[in-house]
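Novice: This structure is in structure tokens; I'll ask about it shortly.
The values are calculated or read from the model by the stated rules, or taken from the named source; none is laboratory data. Keep in mind that what you see is a predicted model, and the values were worked out from it rather than measured. Neighbour counts are summed over all protein chains in view; Cβ atoms, including those assigned to glycine, are modelled from backbone coordinates with ideal geometry. Ligands, DNA and RNA are excluded from the accessible area calculation, which covers all protein heavy atoms including side chains. Shrake-Rupley method; radii C 1.70, N 1.55, O 1.52, S 1.80 Å.
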Amino acid sequence: NHFKENTQIIYSGGDDLFIVGRWDAIIDLAKKIHSDFTRWVCGNPKLTLSGGVHLATAKYPIVKAADAAKHAEDKAKNHIYGDIEKNAFTLFGYGLNWEYEFPLVEDLKNELVHFIDKDNIPRALLSSISNFYEKSKDQIEKDDTQTWIWQISYTISRMKGRVRSGEAKIFL
């Protein structure tokens, strides 16, 4: 019931789910499904759950979004973290192991939101991160020099010089 207002199950059969909804609700629902599944299998490491999210606008064709979500799921099923296969969730095109990588990304997101909400870090950082992410994908795909690495470092270091909060400086 908690997710009823912002998500809609389109298909549920066997071990497959296709759900559409608001991006943050979908991520929270995925975490809840993973948590409930892990509890249901009594934490058995041989029984895992892999899934993927594709973020799309409301006007994006649902059939294309479904294909992209399937690609994200496949990426999660092929994800390897150390010697752990599968048991992953693909977010923004990156497979994340549920137990080790996903919590780190979630913690980083929560810290970033905290500092932005308190106006300690400019909201423009989100646009910068998004732009550098797109640039990184393009440079990796073309096997170009990855200038985005030093450019994002420079952007964050300049921002660090402008923020007043000591905590925000440490975070940056």
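Novice: Expressed as a whole percentage, what fraction of the accessible surface of the range 25-172 belongs to carbon and sulfur atoms when a 1.4 Å probe is rolled over the protein heavy atoms?
Specialist: Carbon with sulfur: 56 percent of the solvent-accessible area.
Novice: What's the ranking of 138-147, 111-120 by average number of surrounding C-beta atoms within 10 Å, highest first?
Specialist: Descending packing order for the listed peptides: 111-120, 138-147.
Novice: Using Cα pairs closer than 8 Å and at least 6 residues apart in sequence, work out the relative contact order for the range 112-172, in percent.
Specialist: With pairs under 8 Å counted, the relative contact order is 35 percent.
Novice: Please list, in chain and number order, the residues 5+ apart from GLY51 or on another chain whose amide H is under 5 Å from its amide H, with Hs placed from the backbone.
Specialist: Amide H neighbours of GLY51: ALA88, PHE89, THR90.
Novice: When the Karplus curve 6.51 cos²θ - 1.76 cosθ + 1.60 is applied with θ = phi - 60°, which whole-Hz ³J(HN,Hα) does each residue of the range 35-51 get, with x for Gly and Pro?
Specialist: 4, 5, 5, 4, 5, 4, 8, 6, x, 4, x, 7, 10, 10, 10, 10, x
Novice: Over the range 3-116, what is the mean sequence separation of C-alpha contacts under 8 Å (at least six apart), divided by residue count, expressed as relative contact order in percent?
Specialist: That works out to 16 percent.
Novice: Anything over 22 Å Cα to Cα? Flag those among LYS64/LYS137; LYS32/LYS59; LYS59/LYS109; LYS137/LYS169; LYS31/LYS135; LYS31/LYS70, in the order listed.
Specialist: LYS32/LYS59; LYS59/LYS109; LYS137/LYS169; LYS31/LYS135, as the Cα separations exceed 22 Å there.
Novice: How big is Rg to Rh over the chain, alpha-carbon atoms, Rh as the Kirkwood inverse-mean-distance radius?
Specialist: Here Rg/Rh amounts to 1.00.
Novice: Take each of the peptides 34-47, 82-95, average the number of other beta-carbon atoms within 10 Å over its residues, and list them starting from the highest.
Specialist: So the order, starting with the most tightly packed, is 82-95, 34-47.
Novice: Just the accessible area per residue of the chain, please: how many Å² with a 1.4 Å probe?
Specialist: Averaged over the residues of the chain, the accessible area is 71 Å².
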